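The values are calculated or read from the model by the stated rules, or taken from the named source; none is laboratory data. Every value quoted in this text rests on a predicted model; they were computed, and no experiment measured them. Using ideal geometry, Cβ is built from the backbone for each residue, glycine included, and neighbour counts are taken over all protein chains shown. All accessible areas refer to the heavy atoms of the entire protein, side chains included, with ligands and DNA or RNA removed. Shrake-Rupley method; radii C 1.70, N 1.55, O 1.52, S 1.80 Å.
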Amino acid sequence: MIAAVAYYVLITARRQAVLAPIFVFVAVIGIVYATDAGPALAAATVPAAALVPIGAWIMRLVAGVESKPFADVTLVALGSQTRRHISRGLAAAIFGAGLCVVATLWARIANPHPYPTGVVLTIVAMNLVLVVAGIGLGALLSPPLGVTAGAGALAATIIVLVSLVVRFVPPIGPVLDAYLAHRTAGGPALIEAAVVGFVAFGIAGRLARRAR
Amino acid sequence: MSALDVSGLVWWYRRGEVVLHDLDLRVESGAIASISGPNGSGKSTLLRLIAGVVVPHRGTIERASRVGYLPQSSDEPPVRLRASTWLDSIAKMKRSHAADADTYARELGVDEALKGPLEALSVGTIAKVLLLGAFTAHPGLIVLDEPFAPLDAKSRDALTQMIGRAAAAGAGVVVSSHDEMPSLSGEHYVLQKGKLTPRSPDARRWRVLTSSPDGAVERIVDAAGRDALLRAALDAGHEILAVEERT
């Protein structure tokens, strides 16, 4: 499994396409922290929310990075769709974790508000949880499931918008409610978002096993 | 010991057309099964099922734990890796190593190509690298979908020997082709109307290459034709350059 994760990270990193979500995310945090972004946790919610569609985008890139013959050979070498699905998810998570680190460091350096250790850890957790949620949702929109790129982008946009507008719909809404509006506790919102990510990833894995 | 045991396999396309009907196939370790059939008969689907790329609608497939698979040749772009790095990655995924890849690469004439990136290689060379991926890491079952199609004559001979050696080392080998294959020992099947039927010896074809005053003459004939042709060639004082079985 480690070999497969390393393989997916390597072949994805060598595709220029992976630069697109990275640049978009860097642009988001650049804009957020261009001026005084406000208290640390509240400021961090916007880049964290952006990590949901970015995570979904990266998952789709990782899952589609191989052409069909190479994807089939990898699948046979790994011996099961489940192993390949988890390998792709972990590879996407490595890219996502990198973005979480960038977002946290950028905030720490650019935002003139205090960043005590507890707040930094909360920001890291928020970023990681939302990127995992994005990867899980992205898995439902990625090969081998037969969702076209356009349909996948549309579905991801709708999910993100609904979660932004309808505040009780995870994964984004409850996190914003907790850390931006301070209306609810943060822990349950993060757990809810993580559950959404893992459940979506699990469903995608089950569907992939039946993919023909 | 069985490298592959297919029982009651049923497969249909999304539009409902049944491609494989209650199909059974058993390949022992060290045995070779070659499958031929016309285009669209379901050979590639059968091999994808055997390799584990897709799951059957009905029936069971038991296979050796380590499988090497060559998909049908295509011109789709490869991954952006050095060929040797890709082979190493595939071997590691099989929980082995690609130490034997160099030997196979020399036989197929792609040892130099392994040092370069896959995307710089021709379709034919990529097909050979994929072939190496199927053979490396000592698989218990090797599944090859039309492996001879993109190869030149020299590489076809090398592949025939590689298949024979892999079988001798204990691997079960399943090979498909829609046309003539170089001589392979083992069981020969024809896939038609969703069923595998053993190919009768009478149906086998032979390639006979003889000399003549106008140059070498090649003919593909059945067993009776082969005998007649050889007799005629010898009677005429011509040289027999090659006689090989095609499946």
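Side notes on the structure shown:
- Ranked by solvent-accessible area (1.4 Å probe, protein heavy atoms only, all chains present), the residues A:94, A:109, B:50, A:22 order from largest to smallest as A:109, A:94, A:22, B:50.
- Computed over the range A:135-200, the ratio Rg/Rh where both radii use C-alpha atoms and Rh is Kirkwood: 1.05
- Heavy-atom accessible area order for B:58, A:60, largest first, 1.4 Å probe: B:58, A:60
- Overall size of the range B:59-111 from C-alpha positions, given as principal axis extents largest first: 40, 28, 22 Å.
- Rounded tilt (10° steps) of A:149-165 against the dominant C-alpha axis of chain A: 30
- Principal axis dimensions, the range B:133-198 - Cα atoms, whole angstrom, descending: 35, 27, 20
- Residue A:26 accessible area, 1.4 Å probe, all protein chains in place, Å² to nearest 10: 50
- Cα gyration tensor shape for the range B:80-176, rounded if a/c is under 1.5, else prolate or oblate: oblate
- For A:115-128, mean number of other protein chain Cβ atoms within 10 Å: 0
- q = 0.12 Å⁻¹, chain B: log10 I(q)/I(0) [Debye, one scatterer per Cα]: -0.74
- For the protein assembly as shown, the fraction of C-alpha pairs more than 30 angstrom apart is 54%.
- Within 10 Å of each Cβ in B:53-64, the average number of Cβ atoms from other chains: 2
- Toward the positive end of the charge dipole of the range B:44-168, with +1 on the Cβ of Lys and Arg and -1 on the Cβ of Asp and Glu, the farthest Cα among B:164, B:132, B:93 is that of B:93.
- Exposure check, 1.4 Å probe, all protein chains in place: residue B:111 carries approximately 60 Å² of accessible surface.
- Accessible surface of the range B:39-107, 1.4 Å probe, proportion on carbon and sulfur as whole %: 41
- Span from the the range B:137-168 Cα centroid across to the the range A:89-163 one, whole angstrom: 45
- Remark: accessible surface ordering of B:100, B:5 (largest first) is B:5, B:100, probe radius 1.4 Å.
- The range A:72-192, Rg to Rh (Cα coordinates; Rh as Kirkwood inverse mean 1/r): 1.04
- Residue by residue along B:87-97, Cβ atoms of other protein chains within 10 Å of the local Cβ number 5 on average.
- Restraint check, B:94/B:115; A:68/B:195; B:128/B:154, Cα-Cα greater than 24 Å: A:68/B:195
- Sequence ranges B:113-119, B:130-136, B:160-166, A:71-77, ranked by mean other-Cβ count within 10 angstrom, highest first: B:130-136, A:71-77, B:160-166, B:113-119
- Degrees, to the nearest 10: A:186-210 long Cα axis against longest axis of chain A: 10
- Computed accessible area, residue B:217, all protein chains, 1.4 angstrom probe, square angstrom: 40
- Where Rh is the Kirkwood radius over Cα pairs, Rg/Rh for chain A: 0.99
- Calculated P(r) tail over 18 Å for the range B:84-137, as whole % of Cα pairs: 20
- Rounded tilt (10° steps) of A:117-139 against the dominant C-alpha axis of chain A: 30
- Sparsely packed loop sites in the range B:17-97 (the GluC sites (Glu not before Pro) outside DSSP H, G, I, E and B with at most 13 other Cβ atoms within 10 Å) comprise B:17.
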